[in-house]
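Working notes for the structure below.
The values are calculated or read from the model by the stated rules, or taken from the named source; none is laboratory data. Worth saying up front: this structure is predicted, and the values here are computed from it rather than measured. In this analysis, Cβ positions are derived from the backbone assuming ideal geometry, glycine residues included, and neighbour counts consider all displayed protein chains.
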Amino acid sequence: MERSSRAAAAPGMRLGRSRPRYGESVVKAVLLLAALVSIATTVGIIASLLSPTIEFFAEVDMVEFVTGTSWGPGFTPPAFGVLPLVVSTVVITLIAVVVAVPLGLLAAIHLSEYASARVRKVVKPTLEVLAGIPTVVLGFFALTVVTPFLREWTPFEVSFKNGLSAGIVVGIMIIPLVASLAEDAMSAVPYGLREGAYALGSSRMVTSLRVVFPAALSGIIAGVILAVSRAFGETMIVVVAAGSNPSLTANPLQEMVTFASYIAQAASGDIPVGSTVYKAVFAVGSLLFVTTFVLNYLSARIVRRFREVYE
């Protein structure tokens, strides 16, 4: 002890390492580069959308674009009312939310509060595998399995391609996102809150729904909003299962075209570069980008506003 104390007190001795940490500097540089690449990518997307969008609104009245009820840029005469795409996108997204949020939250509650550690290690990765299935495969699943089931068992007339089938499968696709983010938020709640509820005689269900769930509400809402933004921009499932008829209807049993599916369909066709139809694709893309950005911004605001901080 005396020798170590004298060594610590000896002049010239420093507590820190004498050699520079080159590895740490490299890690910092790589992390900074990753952040800059992300920012540059976002700026590049905005730059690629901005110029054609401005040129489009120089040729098409913005009021007509926002309030028009007919969409057909390639028709004669052309129609540039984006409301059919807005309504279809909202309807399919709402169907996806109705499917994904209850199932995802129930799965999250089970994994966080009921499942053992061994079960959680098996079930959660298995659930997240669903997020890795290519969306075009899910689109054909909607077209060949879900749609025939709806046409056989639904008492109403269901089109071969329809928004209901697409919305259901989009909801299935985002279940892992809702479940994983909600489970992470609930697992982050201190166990002391659970112990306090159990000490007051609460059952596991009451503790889960009235203690843990409200404590993790900010993270859960943020996860749901991120899942909604993911569903809002889904492309291949809607292209395969929902159809290509951009009619203004809120009936999910009919064909529907969303923002993303229109962009995919238009980009795969022969559109003259520089034409108004070509610029309309960028205008729709800009609207989709702005909507997704707003959803992500709301998610961040909700997290900051309602986040619970525990010591």
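Tell me which of these LEU130 doesn't satisfy, since it passes every other one: (1) closer than 24 Å to MET236 by Cα; (2) in a helix (DSSP H, G or I); (3) among the aliphatic types (A, V, I, L, M); (4) touching a residue at least 60 places away in the same chain (Cβ under 8 Å).
Only one criterion is unmet by LEU130, namely (4).
Answer yes or no as to whether GLY74 is touching a residue at least 40 places away in the same chain (Cβ under 8 Å) and either farther than 25 Å from GLY139 by Cβ or outside any helix (DSSP H, G or I) (or both).
Criteria met by GLY74.
Go through the residues of the stretch 209-217 one by one and say whether even a single one is more than 19 Å from the chain's Cα centre (by Cα), modelled with pLDDT of 90 or more, in a helix (DSSP H, G or I) and under 30 Å from GLU55 (Cα atoms).
Looking through the stretch 209-217, none of the residues is more than 19 Å from the chain's Cα centre (by Cα), modelled with pLDDT of 90 or more, in a helix (DSSP H, G or I) and under 30 Å from GLU55 (Cα atoms).
Rundown of residues vs (1) closer than 30 Å to SER247 by Cβ; (2) within 25 Å of the chain's Cα centre (by Cα), yes/no style:
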{"residue": "SER51", "(1), (2)": "no, no"}
{"residue": "PHE57", "(1), (2)": "yes, no"}
{"residue": "TRP71", "(1), (2)": "yes, no"}
{"residue": "PRO78", "(1), (2)": "yes, no"}
{"residue": "VAL86", "(1), (2)": "yes, yes"}
{"residue": "VAL98", "(1), (2)": "yes, yes"}
{"residue": "VAL101", "(1), (2)": "yes, yes"}
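With a cut-off of at least 2 residues that are among the small types (Gly, Ala, Ser) and either under 25 Å from VAL98 (Cβ atoms) or in contact with a strand residue (DSSP E or B) (Cβ under 9 Å, 6 or more places away or on another chain) (or both), name the helices (runs of 4 or more DSSP H) lying wholly within the stretch 227-311.
In the stretch 227-311, 259-267, 276-306 are the helices (runs of 4 or more DSSP H) which contain 2 or more residues that are among the small types (Gly, Ala, Ser) and either under 25 Å from VAL98 (Cβ atoms) or in contact with a strand residue (DSSP E or B) (Cβ under 9 Å, 6 or more places away or on another chain) (or both).
In the list SER70, SER116, SER112, which residue meets the criterion of being out of contact with any His (no Cβ under 8 Å at 6 or more places or on another chain), surrounded by fewer than 13 Cβ atoms within 10 Å (Cβ to Cβ), modelled with pLDDT under 95 and small (Gly, Ala, Ser)? Walk me through how you get there before you give the answer.
Values: SER70 fails: surrounded by fewer than 13 Cβ atoms within 10 Å (Cβ to Cβ); SER112 fails: surrounded by fewer than 13 Cβ atoms within 10 Å (Cβ to Cβ).
Going through SER70, SER116, SER112 in turn, the sole match is SER116.
Yes or no, residue by residue, for (1) closer than 29 Å to ILE133 by Cβ; (2) modelled with pLDDT under 90; (3) surrounded by fewer than 19 Cβ atoms within 10 Å (Cβ to Cβ):
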position	(1), (2), (3)
ALA179	yes, no, no
LEU193	no, yes, yes
GLY196	no, no, yes
ALA199	no, no, yes
ILE225	yes, yes, no
VAL228	yes, no, no
VAL238	yes, no, no
ALA241	yes, no, no
PRO246	yes, yes, no
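Going by the conditions given, is THR67 under 30 Å from VAL257 (Cα atoms) and within 27 Å of the chain's Cα centre (by Cα)?
Yes.
When only residues in the stretch 157-177 that are assigned to a helix (DSSP H, G or I) and of a type in the set (Gly, Ala, Ser) count, which is surrounded by the fewest Cβ atoms within 10 Å (Cβ to Cβ)?
Per the stated criteria, the residue is GLY171.
Residue check: is SER187 buried (at least 21 other Cβ atoms within 10 Å of the Cβ) and in contact with a Ser or Thr (Cβ under 7 Å, 6 or more places away or on another chain)? Step through it out loud before you land on a result.
Values: buried (at least 21 other Cβ atoms within 10 Å of the Cβ): no; in contact with a Ser or Thr (Cβ under 7 Å, 6 or more places away or on another chain): yes.
Taking the combined requirement at face value, the residue does not satisfy it.
Filter the stretch 52-71 for residues that are of a type in the set (Ser, Thr, Tyr), farther than 29 Å from SER165 by Cβ and touching a residue at least 60 places away in the same chain (Cβ under 8 Å) and give the result.
Matches in the stretch 52-71: THR53 only.
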